[in-house]
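Read through the structure below, which is laid out as C-alpha cells, and then see the notes.
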Amino acid sequence: MAHPVQLGLQDATSPIMEELIAFHDHAFMIISLISFLVLYVLSSVLTTKLTSTNITDAQEMETIWTILPAIILVLIALPSLRILYLTDEINNPSFTIKSIGHQWYWTYEYTDYGGLIFNSYMLPPLFLNPGDLRLLEVDNRVVLPIEAPVRMMITSQDVLHSWTIPTLGLKTDAVPGRLNQTTFTAMRPGVYYGQCSEICGANHSFMPIVAELIPLKIFEMGPVFTL
C-alpha cells in the first residue's frame, strides 16, 4: 500500500513487479546521467568563451553523438522487451478467475469452484470500521492464493475499465466484447489495494479493487469464500 509522501514504487509482491522495479531503477539511472551531462554542457557553453573554431568540422564528434544514443536506446529496449514478453507469458495457471467491470463495481467469477459469483462494491464512509481505508475498502474482497500461478480473465459489460493492482504489477484493460487475460504469482500473503485506472465515468474514482492473498492450503479449504 502506498503511503503519504512516497516517491518510489510500492513494494513488489510478485516476480513481475520485481522486474518492473529493477527496470525502473535501470532506466532512471541512465536518464539521470544523460540529464546531468546535458546540464553540464549547457552550463559550459553559457560560461565559457568559445575562442576555438576547430570543432566546426569534427566528424569524430558527430560519429560519437550518433552512435552513443543508439547504444543507450538498445540498453533500455532489451530489458523492456524482456519484461513485456514475461507479462504476456501464460504458464499453466492453477486457477482461473474472471473479473467483469461495471459502472462502478466489479464482479468476480470463480469458475473452478462451482461457478461462485459475487459483486464487489466500495464501502461508503459510514460503513467503514476503524483502520479501514477510505475510498479503497470493499464489501467483498477477491481472495487469491499465493505461490500459485493465477490467471485473471478480464472484461467489461458497459464501458472501458482497467483492473489494476500496482504491488502485483497488474494493469489489464477491461474492454466490452473482449476477454483479456493476465497471469501472476503472488509471493507474500496480505491485503493489497488497487483501483480502476481507466477514466470510466463520473464515479471512476469509486470502484476500488481489494485482493486478499492467503496461503494455498487455506484457499483450498473452501469456507474462505463464504460472503
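List of remarks:
- Carbon and sulfur %, accessible surface of the chain computed with the full protein complex present, 1.4 Å: 63 percent
- Helix 59-87 axis versus longest C-alpha principal axis of the chain: approximately 10°, rounded to the nearest ten.
- Beta bridges from DSSP with both residues in the chain: antiparallel share about 70 percent, rounded to the nearest 5.
- About the Cα centre, charge dipole magnitude for the chain (Lys/Arg +1, Asp/Glu -1 at Cβ), debye: 200 debye
- Solvent-accessible area per residue for segment 24-149 (1.4 angstrom probe, square angstrom): 70 Å²
- Ranking L46, Q10, Y121 by Cα position along the charge dipole of the chain, where only Lys, Arg, Asp and Glu carry charges on their C-beta atoms, puts Y121 farthest toward the positive end.
- Highest-MSF residue in the chain out of I64, I199, I72 [GNM, Cα springs under 10 Å]: I64
- Mean projected area in nm² (Cα convex hull; one quarter of hull surface) for segment 15-88: 6.2 nm²
- Once the Cα atoms are used to define both axes, helix 15-47 deviates from the longest principal axis of the chain by about 30 degrees.
- Rounded to the nearest 500, the helix-only mean residue ellipticity at 222 nm of the chain stands at -10000 deg cm²/dmol, with each DSSP H run of n ≥ 4 adding -39,500 (n - 2.57).
- Of F127, F184, F36, the one that fluctuates the most in a GNM where the chain has Cα springs shorter than 10 Å: F36
- The three principal axes of the C-alpha atoms in the chain carry coordinate ranges of 80, 41, 33 Å, sorted with the longest axis first.
- From largest to smallest, the equivalent ellipsoid semi-axes obtained for segment 38-161 from the alpha-carbon gyration tensor read 55, 23, 13 Å.
- Placing unit charges on the Cβ atoms of the charged side chains and taking the dipole of the chain about its Cα centre, the candidate lying farthest along the positive direction among L68, M221, L37 is M221.
- With the simple model of a label 7 Å out from the Cα in the direction of the Cβ, R188 to Y121 spans 3.3 nm.
- Most mobile listed residue (H26, H161, H102) in the chain, GNM with C-alpha springs under 10 Å: H26
- Binned Cα-Cα distances of segment 96-140, short to long, each 5 Å bin given as a whole percent: 6, 22, 23, 18, 15, 11, 5
The values are calculated or read from the model by the stated rules, or taken from the named source; none is laboratory data. The model shown is predicted, which means the values in this text are computed figures rather than measured ones. Cβ: placed from backbone, ideal geometry, glycine included. Neighbour counts: every protein chain shown. Ligands, DNA and RNA are excluded from the accessible area calculation, which covers all protein heavy atoms including side chains. Shrake-Rupley method; radii C 1.70, N 1.55, O 1.52, S 1.80 Å.
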